[in-house]
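I have placed the structure first, in the form of structure tokens, so that the comments after it can refer back to it.
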Amino acid sequence: MMYQRVIKIKVHQQINHLMNQSVDEWFLETEAVHTALRTYSKIRYQDQEGYPIEVKWQMDPSNTFQIVEIIQPAYTLRFNPQVETVAAYQTPQGLWELNIKTIDMAIEELDGLKSLHINYQISLNDQILGLYNYHLTAS
């Protein structure tokens, strides 16, 4: 089934910073474009600051689990429940290679996306920077 349609989404993001024991949290309700193709699906929306965000999910080549990408202007986060991934992040101090460990991930679809939930950690040079929670629901 292939289609493209405008949907309403809610996004909740939470970051637990381990270094300074603080928590940042964001909530967003907005319209998005949901595109479903034979090989993958994606949702495109703008975050609170107007930056374009694309969330793309598809089955891995072995067809046994889902892989998710969150594509932002500054970097792309890839979530694979089987292996850690690396994201290149350009900072004023130079290029950081962030290690992304998917802790758990759930995608619920029923005639389109209902929800996508990812818990993950980001580390730099074997030091965990934070624990992250991304939850997107569609209506």
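The values are calculated or read from the model by the stated rules, or taken from the named source; none is laboratory data. As the structure is a prediction and not an experimental result, all values here were calculated from the model. Counting neighbours? That spans all protein chains shown, and the Cβs are built from the backbone with ideal geometry, glycine included.
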| query | If you check every pair at least six apart or on different chains, which have Cβ atoms under 7 Å apart with a residue in the range 79-95 that is closer than 15 Å to residue 69 by Cβ first and a residue that is among the acidic types (Asp, Glu) second? | reply | 86/97; 88/97
| task | Output the number of residues of the range 18-40 satisfying the condition of being surrounded by 13 or more Cβ atoms within 10 Å (Cβ to Cβ) and either touching an Asp or Glu at 6+ places or on another chain (Cβ under 8 Å) or outside any strand (DSSP E or B) (or both). | result | 3
| said: residue 13 - would you say it is polar (S, T, N, Q) and part of a strand (DSSP E or B)? | reply: yes
| task | Taking only the range 102-134 into account, find how many residues are part of a strand (DSSP E or B) and under 23 Å from residue 42 (Cβ atoms). | result | 20
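Conditions tested, residue by residue: (1) within 26 Å of residue 4 (Cβ to Cβ); (2) among the aliphatic types (A, V, I, L, M).
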| residue | (1), (2) |
| --- | --- |
| 50 | yes, no |
| 67 | yes, yes |
| 92 | no, no |
| 101 | no, no |
| 118 | yes, yes |
| task | Return yes or no: is residue 53 touching an Asp or Glu at 6+ places or on another chain (Cβ under 7 Å), within 22 Å of residue 88 (Cα to Cα) and touching a residue at least 12 places away in the same chain (Cβ under 8 Å)? | result | yes
| field | Near pairs, Cβ below 7 angstrom, 6+ apart or cross-chain, from the range 6-35 (under 19 Å from residue 103 (Cα atoms) and at pLDDT below 95) to any residue that is part of a strand (DSSP E or B) and small (Gly, Ala, Ser) | value | 17/130; 18/130
